[in-house]
Amino acid sequence: QFTTRVVSCQAAELQPEGGGAPVRGFQVVLEDTILFPEGGGQPDDRGLIGEVPVLRVTRRGPQAVHFVPAPLEPGDTVLLSLDWDRRFDHMQQHSGQHLITAIAEQMFGFKTTSWELGRQRSVIELDTPSVTAEQVEALERSVNEKIRERVPVAVRELAADDPEIERVRSRGLPDDHAGPVRVVDIEGVDSNMCCGTHVSNLSDLQVIKLLGTEKGKKNKTNLVFLAGNRVLKSIEQSHSTEKALTSLLKNGPGEHVEAVRRLQSSVKLLQKNNLNLLRDIAVLIARDFKSKPVQSQLFVLHRKEGDSEFMNIIANEIGTEETLLFLTVGDEKEAGLFLLAGPVEAVENLGPRVAELLGGKGAGKRGRFQGKATKMSRRGEVQALLQEFLSHQRPEA
């Protein structure tokens, strides 16, 4: 917590991180703050000004701007409270990034070109087209050795013209930077120009887990990592998943993969058999219709289980020169597939109207119009439309 004074408060809007309509609120500048404004690859802090929640902290030149949903009175003294769990998580990930970046360059000459502190995991972009599994393993082993050595981390400020700055690792200062330059030192390991928040000793990182690499931008590789409490949370989630799978599969964790492979093989075989049965059923349905002495001008069928092939087999077997077919598959109250087949002119006329009634989209040619439907419950309305259409046709048609 920190006591400070409100300098200014202006009405503003905030664009939510996940998108959506802007949030109306106020931009507040304080005399001083303990909330970090987003920057340097690190997200912002959150907290409270009095009882008012801080929804975002950004930087405007040398000032930190706090976005809040309620106005504050300039000149008032306020108590600022920091969300420590969020801050400490960011400290662990950011110091972890500095350590990984420094060791990766020392061991393999891989320079870091950018990084992102994500909500679930963090990513370091390395200036190399590839990193081997052996290099990842060696890097993880080395950074965790440094954590066990309890190496101190210190922050110092240098004047902008201090020659020492030339010996500090940096990706350059922001264009609007003013005042002293802040340097974060990992004793004997790294000196890095940085505005972010960090632990005071590598032992506070607890542990770092490198999750592997992903292909990055041209000739770059993304290294994915977790640090500190995120590693513990990941293990907890994995263990919960493991327990659930053990219960479902009725075997130990070491046999889970093989059990899932067996299940996949069984499902594929069942799906193949199911498709063959559906094809046989489609043929029987069509033959049953054709065996009747007097065939109706309209054939309507709905089946929960089925696919486009099932419907097309029925249409092929029946033939659509004289009969109008309306076939649907899927959940009767939800979404599904439909097929309208019959005389070319009738299908061209009715197809788009059928799709519209079913709340779906479709396309067709040569007497077939098929597509997806979102309102299968309106099948009855489609049937009424088709019957009305047929009743208006001339007897010779």
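The values are calculated or read from the model by the stated rules, or taken from the named source; none is laboratory data. The model shown is predicted, which means the values in this text are computed figures rather than measured ones. FYI the Cβ positions are ideal-geometry reconstructions off the backbone, even for glycines, and counts take in every protein chain you see. Areas reflect the complete protein model, heavy atoms only, side chains present, ligands, DNA and RNA absent. Shrake-Rupley method; radii C 1.70, N 1.55, O 1.52, S 1.80 Å.
Dipole of the chain computed with +1 at Lys/Arg Cβ and -1 at Asp/Glu Cβ about the Cα centre; of G364, V347, S203, farthest Cα towards the positive end is V347. A simple spin-label model places pseudo-atoms 7 Å from Cα toward Cβ; at E255 and E187 they are separated by 5.2 nm. The base-10 log of I(q)/I(0) for region 2-82, evaluated at q = 0.20, 0.22 Å⁻¹, reads -0.85, -1.02 [Debye formula, identical scatterers on Cα atoms, solvent excluded]. The share of accessible area on region 7-92 that comes from carbon and sulfur is 52 percent, using a 1.4 angstrom probe.
Mean sequence separation of contacting Cα pairs (under 8 Å, at least six apart), scaled by the length of the chain, corresponds to a relative contact order of 10 percent.
Normalised by 2.2 N^0.38 Å, where N is the number of residues, the C-alpha radius of gyration of region 260-392 stands at 1.11. Applying a DSSP loop filter and a limit of 11 other Cβ atoms within 10 Å to the trypsin sites (Lys or Arg not before Pro) in region 1-70 leaves nothing. Here each label is just a point 7 Å from Cα along the line to Cβ, and for E321 and L277 those points are 3.6 nm apart. Hydrodynamic analysis of region 217-333 uses the Kirkwood radius over alpha carbon pairs. Inserted into Stokes-Einstein at 25 °C and 0.890 mPa s, it gives a translational diffusion coefficient of 127 µm²/s.
With a Förster radius of 22 Å applied to the beta-carbon distance between V23 and W84, the computed FRET efficiency rounds to 0.35. Between A154 and R378, the contour length at 0.36 nm per residue exceeds the Cα-Cα span by 73.7 nm.
Hydrodynamic estimate: the Kirkwood radius of region 326-374 over Cα pairs, inserted into Stokes-Einstein at 4 °C and 1.567 mPa s, corresponds to D of 124 µm²/s.
Solvent exposure of the chain, expressed per residue, is 57 Å² of accessible area, with all protein chains present and a 1.4 angstrom probe. Non-local lysine pairs in region 276-393, meaning eight or more places apart or on different chains, with alpha-carbon distances under 13 Å, amount to 4.
If you wrap the tightest convex hull around every Cα atom of the chain and split its volume per residue, you get 242 Å³. Applying 0.36 nm per residue to the separation of D288 and T132 and subtracting their alpha-carbon distance, the gain on full extension is 49.8 nm.
Each principal axis of region 83-221 carries a Cα extent, and these read 42, 33, 30 Å when sorted largest first. Where in region 339-371 are there trypsin sites (Lys or Arg not before Pro) that are in a DSSP coil and have at most 13 other Cβ atoms within 10 angstrom of their Cβ? Of the trypsin sites (Lys or Arg not before Pro), the ones in loops of region 339-371 whose Cβ has at most 13 other Cβ atoms within 10 Å are R366.
Each helix, a run of at least 4 DSSP H residues, gives -39500 (n - 2.57); summed and divided by the residues of the chain, these come to -11500 deg cm²/dmol at 222 nm.
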